[in-house]
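Participant: Here it is, the structure in full.
The values are calculated or read from the model by the stated rules, or taken from the named source; none is laboratory data. Source: prediction; values computed, not measured. Counting neighbours? That spans all protein chains shown, and the Cβs are built from the backbone with ideal geometry, glycine included.
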Amino acid sequence: MGVRSAAALIETFYRPMNLTLRLLSNSQTIVHAADTSFGGFGPASPTAAPDLTFHLFEHPVEEPEPAPPRFRKEGDLIYQTTDGVSTLVVDRKCGVAYGYFSEAVLVNSTFFRWHFLELALFVMLEPRGLMGVHGAALAKNGRAILLRAPSGGGKTTLAYAGARRRFQALAEDVVWLDLERDIWWGTPWSFHLLPDAKQLFPELADYPPLLQINGERKLEVTLEQIRTGSTTVSARPGAVVFVERAAGQTSRLEAIDPVTAKSIWLASFAGAEMDFPNYHAHVNALLSTNTYRLYSGDNLDSSLDLLETLF
């Protein structure tokens with residue numbers, strides 16, 4: 001990360017997904033939030049020709065309790081606002097974002113990062129050849145395994161179990177497939193686990209369940225505080241594994257054919273991932289080989305043993 005200041009304007013550079021991001025802001029709070037969201041990708045050098053430019057500013061307006069943001073898309077333009085008070089506008093094709101935010105929004109860093117700052121980056125990735133798919137991912141020796149399951153299907157719990165000991169976490173919920181460079185990317189630093197995860201992982205005993213943006217209460221865990229070196233932001237593509245809970249059973253892993261894999265894949269999609277150009281062709285290529293179904297039993301270590309055979 002490189003930083004230069006001119007009067008009240010702060011200029012900061014980041015390197016998410018191998019893209020150069022230039023942030024211009026009048027707010028150190030916004031810069032701190034960007035450090036949290038993008039600093040883990042490593043240092044970035046200032047450049048006169050960044051891939052992306054964010055103009056994000058704090059403005060002095062009263063907003064006692066921010067309303068749930070409203071989202072609108074018109075072609076390449078993205079619009080997100082709390083009833084017109086705190087507002088983000090993104091031109092996805094040009095790679096430019098403008099936003100003005102109240103103190104009430106900025107004081108809640110998680111709210112601001114989730115609904116505005118990280119949204120601005122993520123909606124710009126598709127036009128730059130990165131396809132976001134629903135899934136968690138683990139990596140070892142520079143190669144990744146994509147774990148796919150419906151929401152609540154156990155992939156996050158399994159990924160956390162792997163990251164706390166023998167693997168690195170690449171992603172919790174979205175894996176970004178860089179189709180041109182043949183690399184998978186993620187933002188793995190924080191995992192969000194259901195409160196009953198304390199029964200499986202003793203180190204989480206003192207973690208309080210926090211109210212999330214979506215209204216659920218989860219344990220928010222910073223992985224690098226659990227184990228240094230437990231995260232990575234990119235890895236070479238590897239196997240795709242469909243996770244299925246198998247309570248009371250012994251974990252087992254089976255290879256599956258591309259047709260079966262595609263059927264299970266489509267049952268686990270989330271968000272707008274299917275809007276990506278030529279989505280089905282890219283998924284067919286992804287699932288053409290090296291696809292598996294993991295029946296994950298009560299012993300998570302046994303499931304991890306099976307995953308380790310795929311690296």
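Participant: Looking only at the range 59-95, count how many residues are farther than 21 Å from ALA272 by Cα and not in a loop (DSSP other than H, G, I, E, B). First the steps, then the outcome.
Facilitator: Step one: of the range 59-95, the residues farther than 21 Å from ALA272 by Cα are 59-67, 82-87.
Now drop any that are not not in a loop (DSSP other than H, G, I, E, B), which leaves 87.
Qualifying residue count for the region: 1.
Participant: Out of all the residues in the range 253-294, which are small (Gly, Ala, Ser), exposed (fewer than 15 other Cβ atoms within 10 Å of the Cβ) and either outside the structural domain of ILE145 (by TED's automatic domain parsing) or modelled with pLDDT of 95 or more (or both)?
Facilitator: Hits for the range 253-294 are ALA255, SER263, ALA281, ALA285, SER288.
Participant: Can you go through SER102, SER86, SER109 and tell me which one is among the polar types (S, T, N, Q) and under 21 Å from the mean Cα position of the chain (by Cα)? Explain how you work it out, then say what you get.
Facilitator: Numbers: SER102 fails: under 21 Å from the mean Cα position of the chain (by Cα); SER86 fails: under 21 Å from the mean Cα position of the chain (by Cα).
Result: SER109 is the single residue among SER102, SER86, SER109 that is among the polar types (S, T, N, Q) and under 21 Å from the mean Cα position of the chain (by Cα).
Participant: Same structure, new question: For the range 295-310, which residues satisfy the criterion of being crowded, with 16+ Cβ neighbours inside 10 Å and touching a residue at least 60 places away in the same chain (Cβ under 8 Å)? Talk me through it step by step, then tell me what you get.
Facilitator: Keep residues of the range 295-310 that are crowded, with 16+ Cβ neighbours inside 10 Å, which gives 295-297, 300, 303-304, 306-307, 310.
SER296, LEU300, SER303, LEU304, LEU307, LEU310 - these are the residues of the range 295-310 that are crowded, with 16+ Cβ neighbours inside 10 Å and touching a residue at least 60 places away in the same chain (Cβ under 8 Å).
Participant: Can you tell me which residues in the range 160-193 are closer than 19 Å to VAL240 by Cβ, of a type in the set (Asp, Glu) and not in a strand (DSSP E or B)?
Facilitator: Listed by number, the residues that qualify are GLU172, ASP173, ASP182.
Participant: How many residues, within the range 49-78, are small (Gly, Ala, Ser) and modelled with pLDDT under 95?
Facilitator: Here is the first cut: in the range 49-78, the residues small (Gly, Ala, Ser) are 49, 67, 75.
Subsequent filtering for residues that are modelled with pLDDT under 95 retains 67, 75.
Adding up the residues that qualify gives 2.
Participant: (1) out of contact with any strand residue (DSSP E or B) (no Cβ under 7 Å at 6 or more places or on another chain); (2) within 19 Å of LEU170 (Cβ to Cβ): which one isn't true of HIS280, the others all being true?
Facilitator: Of the numbered conditions (1) out of contact with any strand residue (DSSP E or B) (no Cβ under 7 Å at 6 or more places or on another chain); (2) within 19 Å of LEU170 (Cβ to Cβ), the odd one out for HIS280 is (2).
Participant: Another question, if that's okay. So, SER230, is that one surrounded by fewer than 18 Cβ atoms within 10 Å (Cβ to Cβ), under 14 Å from ALA159 (Cα atoms) and in contact (Cβ under 8 Å) with a residue 12 or more places away in the chain or not?
Facilitator: On the way: surrounded by fewer than 18 Cβ atoms within 10 Å (Cβ to Cβ): no; under 14 Å from ALA159 (Cα atoms): yes; in contact (Cβ under 8 Å) with a residue 12 or more places away in the chain: yes.
Judged against the criteria, SER230 is not a match.
Yes/no matrix, rows are residues, columns are (1) closer than 22 Å to LEU52 by Cβ; (2) touching a residue at least 60 places away in the same chain (Cβ under 8 Å):
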| residue | (1), (2) |
| --- | --- |
| THR81 | yes, no |
| LEU88 | yes, no |
| SER102 | no, no |
| SER109 | yes, yes |
| TRP114 | yes, yes |
| ASN141 | no, yes |
| ALA163 | no, yes |
| ASP178 | yes, yes |
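Participant: When you go through ASP206, ASP196 one by one, which is the residue that is assigned to a loop (DSSP other than H, G, I, E, B) and not hydrophobic (A, V, I, L, M, F, W, C)?
Facilitator: Values: ASP196 fails: assigned to a loop (DSSP other than H, G, I, E, B).
Matching residue, one of ASP206, ASP196: ASP206.
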